[in-house]
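The values are calculated or read from the model by the stated rules, or taken from the named source; none is laboratory data. These numbers were taken from a predicted model, which means no experiment stands behind them. Positions of Cβ are generated from backbone atoms using ideal geometry, with glycine treated the same way; all protein chains shown enter the neighbour counts. SASA here: full protein model, heavy atoms, side chains in, ligands and nucleic acids out. Shrake-Rupley method; radii C 1.70, N 1.55, O 1.52, S 1.80 Å.
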Amino acid sequence: MNRTDTDMALFPQCPIRNVLSRIGDKWSMLVLFTLEKYGVLRFNGLKLYIPDISKKMLSAVLKTLEADGLVSRKVYAEVPPRVEYGLTERGMTLIPLIDNLINWAKANMDDILADRNSYLIHNA
């Protein structure tokens, strides 16, 4: 059982644990942000904009976000098949929150790094 499944099993009615266990990982917010910034993208397009994510992880994140109704997946009956990903209306409602978090991180990152270094020096 992975961490997300454990959280869901232990605290199924806790909205914050439930949601953060799904979108608070290393990649989900980046995928959402990328889809908002660049619009509807194919898998390789997403991979291009998030080059350090593995194909396996990108696939897993997209499935999770689709299952939660944050990302839509549209398959075109072509040869070869074309699949496009985009934000749903629910996914779009997360964007202002992600933008706020990004702005907060930018504004505080230097101080956070300085505090981390200070902590390491004083607690070594």
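Computed quantities for the displayed model
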{"quantity": "Exclusive hit being open to solvent by less than 80 Å² (accessible area, probe 1.4 Å) and within 11 Å of the chain's Cα centre (by Cα), set Leu46, Leu32", "calculated": "Leu32"}
{"quantity": "Condition broken by Arg73, with the remaining ones in (1) modelled with pLDDT of 95 or more; (2) assigned to a helix (DSSP H, G or I); (3) open to solvent by 80 Å² or more (accessible area, probe 1.4 Å) satisfied", "calculated": "(2)"}
{"quantity": "Given (1) farther than 23 Å from Leu58 by Cα; (2) in contact with an Asp or Glu (Cβ under 8 Å, 6 or more places away or on another chain), index of the condition His122 fails", "calculated": "(2)"}
{"quantity": "Pairs with Cβ under 6 Å, 6+ apart, first in region 94-113 and under 18 Å from Lys37 (Cα atoms), second open to solvent by 50 Å² or more (accessible area, probe 1.4 Å)", "calculated": "Ile95/Glu36; Ile98/Met29; Ile98/Phe33"}
{"quantity": "The lone exception for Val61 - which of (1) in a helix (DSSP H, G or I); (2) touching a residue at least 12 places away in the same chain (Cβ under 8 Å); (3) open to solvent by 40 Å² or more (accessible area, probe 1.4 Å) it fails", "calculated": "(3)"}
{"quantity": "In region 72-124, residue farthest from Ser28 (Cα to Cα) [restricted to those that are touching a strand residue (DSSP E or B) at 6+ places or on another chain (Cβ under 9 Å) and among the hydroxyl-bearing types (Ser, Thr, Tyr)]", "calculated": "Tyr76"}
{"quantity": "Among (1) open to solvent by 30 Å² or more (accessible area, probe 1.4 Å); (2) touching a Ser or Thr at 6+ places or on another chain (Cβ under 7 Å), the one test that Lys55 misses", "calculated": "(2)"}
{"quantity": "In region 86-124, the residues that are at pLDDT below 95 and not in a helix (DSSP H, G or I)", "calculated": "Asn123, Ala124"}
